[in-house]
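S.K.: Okay, here's the structure, questions in a sec.
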Amino acid sequence: MARDTFAAELAKLRTLPAVLLTCGVTIAAAGTLGAALAAGRAMSAAEAALGTTGYVQTGLIVLGVLAVASEYAGTQARTSLTAVPARGRLITAKIAAYLVAAILTAVLALAAALAGALFTGAPMGDGAALPRAAAYLVLIGLLALAVATLTRDAIASLATTLVLVLVLPPVLPDAVGDHLPGAGRGPPLPAGPRPHLDGGRARPGRVARGRPHRRSRLVRPAGRLSRDPGHHPFDANLPAEL
């Protein structure tokens, strides 16, 4: 019975046009962004693929919302509960169906980003972090699925998850924003000087909070300058006992 419920939920996702469109657009956007990042910055293909996660996560959030909230737009949720009265088994089947779709989408999206970056001539680089990036994308979509299960509304769950992942981490204080999903996620910064990270503790993908850098002013010494080559211009300001 559990297998039949899982197969039914997987068939729903496979035949839902919005789900197919979301997966296709996410994969295509990842490939385009990977090529753009590799061409615009001096980075490897693996770094460019990792840099797309901050943008690709939006597609996984939409996928997680559609896995649950699409039924509440009409009367399909009532039909599903009539066929499967056990809510726990129904939610478990929805989660399992989502995981199948999300894992495929995340892996294909990162592969497309990697292929797009390699197409521009970028070196491969170290891809050890790519599996963790795929797991992050799947978990972000799972968070959206949980929010959709609680709100039972597609617009409300989508807005809530996007605020949690994209809006709140940059604006909240570091002690709070660091623990929210999506904190510190974004394109990796290229190596070299980073003058925009002015003081404080800077994290990848987020600009450090601090006062803007100001050019120092040249202060002229108060004493009169001497033409004696052995006399330092600041000696006139020192006390006599020194």
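S.K.: Give me the percent of accessible area attributable to carbon and sulfur for segment 1-138, probe 1.4 angstrom.
M.R.: Carbon-and-sulfur percentage of accessible area, whole number: 70.
S.K.: Of all chymotrypsin sites (Phe, Trp or Tyr not before Pro) in segment 51-131, which ones are in loop regions per DSSP and have a Cβ with at most 14 other Cβ atoms within 10 Å?
M.R.: Of the chymotrypsin sites (Phe, Trp or Tyr not before Pro), not one in the loops of segment 51-131 has a Cβ with at most 14 other Cβ atoms within 10 Å.
S.K.: Another question, if that's okay. Positive end of the dipole of segment 53-162, charges at C-beta (+1 Lys, Arg; -1 Asp, Glu), about the Cα centre: which of Q57, Y72, T161 has its Cα farthest in that direction?
M.R.: Value: Y72.
S.K.: Taking the Cα centre of segment 1-128 as origin and charging only Cβ (+1 Lys, Arg; -1 Asp, Glu), how large is the dipole, in debye to the nearest 20?
M.R.: It comes to approximately 420 debye.
S.K.: Using only the Cα atoms of segment 1-125, build the gyration tensor, take square roots of its eigenvalues as a ≥ b ≥ c, and label the shape rounded, prolate or oblate: rounded if a/c is under 1.5, else prolate if a/b is larger than b/c, else oblate.
M.R.: prolate
The values are calculated or read from the model by the stated rules, or taken from the named source; none is laboratory data. Given the structure is predicted, the values throughout are model-derived calculations rather than measurements. Neighbour counts run over all protein chains shown; Cβ positions are idealised from the backbone, glycine included. Surface accessibility is based on the protein's heavy atoms, side chains included, excluding ligands, DNA and RNA. Shrake-Rupley method; radii C 1.70, N 1.55, O 1.52, S 1.80 Å.
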